[in-house]
Structure formats: C-alpha cells, structure tokens
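Everything on this sheet refers to the single structure shown next.
The values are calculated or read from the model by the stated rules, or taken from the named source; none is laboratory data. Being a predicted model, the structure only gives us computed values, none of them experimental. All Cβ positions, glycine included, derive from the backbone under ideal geometry; neighbour counts span all protein chains shown.
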Amino acid sequence: MLPPAIDSTYGGTENGPTVANFSLSNHLYAGGSKSVGSNLSPSGPHLTYEAASALQPLVGPSSSSLFTDVVVNLNNDQQFIHYSKDGFDFPSSAALLEAARGNLDSPERATAAGVDLAALRISPKVGYKNFYLKAAKSQLQPLDSINTATLNFLSEIVHLANVHFGLVAFNDSTGFSPADTVNSPDVSTLYPTGNSSSHPLPNISLNTSPNYQDNNYASVSSIIPSLDPFGERNTAQGLKAAIDQLSNHPRIGTKKAIVLITDGMPTKDLSGAINPTTAAADAINQAYRAKNLGISVFCVAVACSDKEIAKENALYNDTANGIAAISANGARYYRVDYTNPADTQAKLTGAFANLCRQLVQLAR
C-alpha cells in the first residue's frame, strides 16, 4: 500500500532518545548511532538495514544512521505539529512513538520505560495505544479508501443479485481459514530484538448453499476493515486460491467471478522468490487458468505513482493480454490514480458502481 502521507520515526542515540526528522520519499526517518530500548534494533550498528519490508529510504543507512520505530503522522500534513481527538493528545512526534509502543497507557508503564512525561506534556491513560493504532490505520492510503469503497460495493451488490462471497487476502502467501494470521516484524526482519505483530490473513471459503442467508456477506464485510498492508505482493497465489475456491465449490447455475483489488504490481512468485518478472508471469498464467474454467477476473488497480500506471495498465488491462483480457468471460479492468483520500474515494466509488453493474449483467 502507499505509505501514509507522512511517517515519522523516533531515533535513539548513545545519550538517550532524540527526535530528528529527515524527509525521504514521503517518509520521515530518525537516525542515531546507537538505538536504545528492547524494542529497537541491537546496540551495534547495521551496515545493511531494511527500513520496511517494501519501502526503502532513498538514501541508504550507514553505521551512523540507524532507523528505529516507524510511526504515522496523524494530522496528514507535511510536518507533524499536533493532533488531538477524543481526549487523546499528541503534542509531538515523540508522543506518537510512545503511544505506539504502549508506554502512555499508564503512569507506571511510562515510568518503567523512562518516558519524560513533563517534556511530552502528556498524562498517561488507558487506551492511548489502541487510539493511536486506529487513527494511524485511517491514514493508510489507499488502503482506507479501498476498504471503504469495497464495503460499499458489497453492500450494494448483495441487494441486486443472489451473490455468494468468498475472500482471499494475500501478501507473501494466502491464509487457509477465516481466522488465519501471520506474524511480521514491526519494522525490519533484521531486528533480532525487535517486536513483531500479528496481521490478519483471512481465507473465507465460498459457501455453496443455495440458501440466500448463507452468502457469507456478513463474515466477509466484517473482516475487511481489519486488513492491513505488509509483506510482499503474491498476486498469483491470491488468484490461485480464489480460482481453487470457485472451481472446487461450484454452485449449480451460477456465474463465477473474481474481483482482484490491488494497489501495485506483483513482487513475489508462486515459488516464493521475490522477482517482479516471474511474479507477473505467474499471475498471467493464473488468468489463463481462470479463462479455461469460465471464471472472469475483474481487476481494480490503484496506481500510487506515475511510474506504476503503465505497468498496471499492461498487466491488468481488459484489452490486450492483461489479466482481465485473458480471463475473458466479460471481465473488465478499472484503474484509479491515487491523488488524495477524498478524490480517490470518489473515483473508487465510481469504479465499483460500474463493476457492480457489470457483475449483475453477468449474472443474468
């Protein structure tokens, strides 16, 4: 996913925590010669360092420039100054960091972590971390816009046709059950002492019952808001799992369709290799498989940068050897260029409205 408008990191030095921001590729990083705290990187400097799984800084790190926590600028401005809502106050980027670590949930926790509450101008209380996490997730774009538009689309189409839903979330791979999760390091796989977080990776199997009440709408729509971006983009694996669902659970007399929603190009192939070329080729091969099984693959792609537009058009198009074109069976391609949350949300709503009409016509 496109990173939040601004990320911010809180860096450590040998003399203790400091805050220093450097604008690199829509991120703010903090550097330090030695990090502090058990949830940061080791005390020794890394000569090679992965700032995030898919987002490297433009300027490479060195022994005097480590990257530690990555936190989100909640006010969505070019520079974080202050954010306050629902009784939770964030007067500085340091406050964002301590909230993200959970150090503001109680005075005892803050004291144990060595937080200077007087300098932060904050009174700890229960709920700081959860509030920060929810507010941060709302800044993840285009994920938040995609999730909102997808939920509206599901709500609309379920009233227009007897549609049964399945859901396959994918990153490096796909899950196997609705409650599947995967652990991922918070900032870098190179943190031997770093924290990790559990991310949902649901696979909600298509229900083949003719009973309208068993269409999986509730289970699919309820889990979409919990999805978050991490890892690689194994588009072929996602398509393969979706095709398997549709081919292994046929409902007599129905049309079969996949709606592939993505914000970029595949990065990981079916063998597990991180190779954009073979990853795209594997996705194309799955489109041929879908065609042979009579499954339409509708593609909704959000282009997050100018350089991605041509690539996405070539891979997902419905006119010339793209995934939608190859799968045929009435499939269409919708591209939305990310600009800002409001504009992107409106464009996605329009794309999904068109997609809804196409699917209803397909079902007739």
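Quick notes on this structure:
- Every test in (1) modelled with pLDDT of 95 or more; (2) over 23 Å from ASN216 (Cα atoms); (3) more than 19 Å from the chain's Cα centre (by Cα) is passed by GLY350 save one, and that test is (1).
Conditions tested, residue by residue: (1) at positive phi; (2) in a loop (DSSP other than H, G, I, E, B); (3) outside the structural domain of THR262 (by TED's automatic domain parsing).
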{"residue": "ALA94", "(1), (2), (3)": "no, no, yes"}
{"residue": "ALA99", "(1), (2), (3)": "no, no, yes"}
{"residue": "ALA119", "(1), (2), (3)": "no, no, yes"}
{"residue": "VAL126", "(1), (2), (3)": "no, yes, yes"}
{"residue": "TYR132", "(1), (2), (3)": "no, no, yes"}
{"residue": "ASN152", "(1), (2), (3)": "no, no, no"}
{"residue": "GLU156", "(1), (2), (3)": "no, no, no"}
{"residue": "ASP172", "(1), (2), (3)": "no, yes, no"}
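- One residue stands out among those in the stretch 296-332 that are assigned to a helix (DSSP H, G or I) and of a type in the set (Val, Ile, Thr): the one that is modelled with the lowest pLDDT, which is ILE309.
- Test: residue in the stretch 185-200 that is buried (at least 18 other Cβ atoms within 10 Å of the Cβ), modelled with pLDDT of 75 or more and closer than 18 Å to PRO225 by Cβ: yes
- Consider the stretch 122-154 and keep the residues that are hydroxyl-bearing (Ser, Thr, Tyr) and at pLDDT below 85. The one that is surrounded by the most Cβ atoms within 10 Å (Cβ to Cβ) is SER145.
- Just so you know, in the stretch 337-347 the residues that are touching a strand residue (DSSP E or B) at 6+ places or on another chain (Cβ under 8 Å) and at pLDDT below 90 include one that is surrounded by the fewest Cβ atoms within 10 Å (Cβ to Cβ), and it is ASP337.
- Residue check for LEU227: modelled with pLDDT of 90 or more and at negative phi: no
- Number of the condition not met by GLY272 [criteria: (1) at pLDDT below 90; (2) assigned to a loop (DSSP other than H, G, I, E, B); (3) surrounded by fewer than 19 Cβ atoms within 10 Å (Cβ to Cβ); (4) within 23 Å of the chain's Cα centre (by Cα)]: (1)
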